[in-house]
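Asker: One structure, pasted below without further comment.
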Amino acid sequence: MSRPRGPTATALAAVGGLALALLVVIPVLALITRAPWSSAADILGEPANRTALRLSVQVSLWALVLSVALGFPIAWVLARVPFPGRRVVRALITLPMVVPPVVGGVALLVAFGRRGLVGQWLNRWFDIQLAYTTTAAVLAATFVSLPFFVVTVEAALRGVDRRYEDAARTLGASPGTVLRRVTLPSIRGALAAGSALAWARALGEFGATITFAGSFAGRTQTMPLAINKALDTDVRDAILLSLVLLGVSVTVLASLRDRWLGAA
């Protein structure tokens, strides 16, 4: 039997509900009510808009793959391997979460642009140009999304009961088997949550992308960039495209939550 809520709980619930209404519900309702539903088919049927959505999904999924592939080893080392300067490394990993995305875009451009610190040698030795390409959009999205995966998984790894891993090793399990059969299942929820956060951040990336990759239709113009361009021409298009991106994000995040976190 649930206990009656006290005045503190009631006050907190009221403040939380008000904040949710003002910051989430009302803006979303504004998009829904102002959307040009009568011309939605024509707007969404435009090749440029379909291409932008497809490119957004492709770029964000590649960014997710890179975030998981690169982020898990980083999270493991930060959580399990003590070494001098670990706090500095952790701060560097989380830096993209706090700096403006456009700063990240400038940093990527200076590093990997045609005349960048590394980019000039890639161009000279291998004839590889990263800036203003689809690859640049993927790198920009990975830059901003990687920390979300690392922070989530590192926290989970630090909270794992190491006794189960020790018991598995005592019974003769190899390090790979311990990782696959004991560690990963115990942080399954964190892996899903970190992946969802990283994917959502990559899908909505704007600042680093437009700075490092530019906004070229069919090549680097993802949905956020297409929405920004539409604001200069027809705000109705921007509203409808915003709803599409919002719907894709909510659908995928809800699916991930139901499948891996087991939430209703």
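Asker: Counting only complete DSSP H runs, which helices of the chain cover 20 Å or more along their long axis at the Cα atoms and score a mean Kyte-Doolittle of 0.5 or above? Before the final figure, lay out each step's value.
Answerer: On the way: long enough: 47-80 (49 Å, 1.08); 134-159 (38 Å, 1.46); 188-203 (22 Å, 0.78); 235-256 (32 Å, 2.01).
Qualifying helices: 47-80, 134-159, 188-203, 235-256.
Asker: Taking the Cβ of residue 187 as the centre, find all other residues whose Cβ is under 14 Å away and add up their charges (Lys, Arg: +1; Asp, Glu: -1). Write out the running numbers ahead of the final one.
Answerer: On the way: positive: 80, 158, 162, 180, 181, 188; negative: 154, 161, 165.
Value of the local net charge: +3.
Asker: Once you have a ≥ b ≥ c as the square roots of the Cα gyration tensor eigenvalues for the range 157-247, tell me rounded if a/c is under 1.5, and otherwise prolate or oblate according to whether a/b is larger than b/c.
Answerer: On the way: a/c = 5.14, a/b = 3.42, b/c = 1.50.
Note, shape of the range 157-247 comes out prolate.
Asker: Restricted to Cα positions, what overall size does the chain have along the principal axes? Three whole-Å values, descending.
Answerer: That gives 69, 65, 29 Å along the principal axes, largest extent first.
Asker: With contacts defined as alpha carbon pairs under 8 Å and 6 or more residues apart, what's the relative contact order of the chain in percent?
Answerer: Relative contact order here is 29 percent.
Asker: Less than 10 Å Cβ to Cβ from residue 132, Lys/Arg counted +1 and Asp/Glu -1: what total charge do the surrounding residues give?
Answerer: On the way: positive: 114, 219; negative: none.
Taking every other residue near residue 132 into account, the sum is +2.
Asker: Could you tally the net charge around residue 144, taking each other residue with its Cβ under 9 Å from the Cβ of residue 144, Lys/Arg +1 and Asp/Glu -1?
Answerer: Details: positive: 201; negative: 205.
Local net charge: 0.
Asker: Extent of the range 12-157 along each principal axis, from alpha carbon coordinates, in Å, largest to smallest?
Answerer: That gives 55, 48, 23 Å along the principal axes, largest extent first.
Laboratory data are not the source of any read-out in this text; all were calculated from the coordinates shown. Nothing here was measured: the structure is a model prediction, and the numbers come from that model. Note that each Cβ is placed from the backbone with ideal geometry, even for glycine, and that neighbours are counted across all protein chains shown.
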